[in-house]
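Got a structure here, written out as C-alpha cells. Questions coming.
Coordinate-derived values only; no laboratory data. Predicted model only: the values in this text are computed from it and were never measured. Using ideal geometry, Cβ is built from the backbone for each residue, glycine included, and neighbour counts are taken over all protein chains shown.
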Amino acid sequence: MPENLLFLRYQCTDDTALAVQSMGLETCEEILNEDLDMLLNYCKMCKLKRNQSKRESMMLEQQID
C-alpha cells in the first residue's frame with residue numbers, strides 16, 4: 001500500500017477505508033481524488049481488483065458558529 005498518501009487509511013483484512021479532514025469541501029475532494037488515483041495505480045500494479053458494489057461514501061459536517 002502506498003505510504004505517501006495524504007488521507008488517513010484504515011485497513012482490516014480486505015477492506016480499506018479512507019478519511020480526510022479539512023475546513024473546505026473542495027480541499028477534501030482534491031485530496032481524496034489524488035489519493036484515490038495513487039491507490040488505483042497501486043491496485044493495478046499489484047493486480048488487485050476492487051469490488052465496485054461495495055464502494056460507499058459518507059460526508060460528515062460540523063456547524064461552526
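Rank the residues Lys44, Lys49 as a footprinting-exposure proxy: fewest other Cβ atoms within 10 Å of their Cβ go first.
Sorted ascending by nearby Cβ count, the order is Lys49, Lys44.
Let's see if you can work this out: charge +1 on each Lys and Arg Cβ, -1 on each Asp and Glu Cβ, no other charges. What is the dipole magnitude of the range 8-53 about its Cα centre, in debye to the nearest 20?
With only Lys, Arg, Asp and Glu charged at Cβ, the dipole is about 380 debye.
Can you pull the percent of Cα pairs in the range 8-53 with separation above 17 Å?
Of all Cα-Cα pairs in the range 8-53, 41 percent lie more than 17 Å apart.
What nm value, rounded to one decimal, do you get for the distance between Glu30 and Leu18 when each label is placed 7 Å out toward the C-beta?
With each label placed 7 Å out from Cα toward Cβ, I get 1.6 nm.
I've got another one for you. Show me 15-21, 30-36 ranked by packing, highest mean number of other Cβ atoms within 10 Å first.
30-36, 15-21
Give me the number: length gained by fully extending Cys46 to Glu61, i.e. 0.36 nm times residue separation minus the C-alpha to C-alpha distance, one decimal in nm.
1.9 nm
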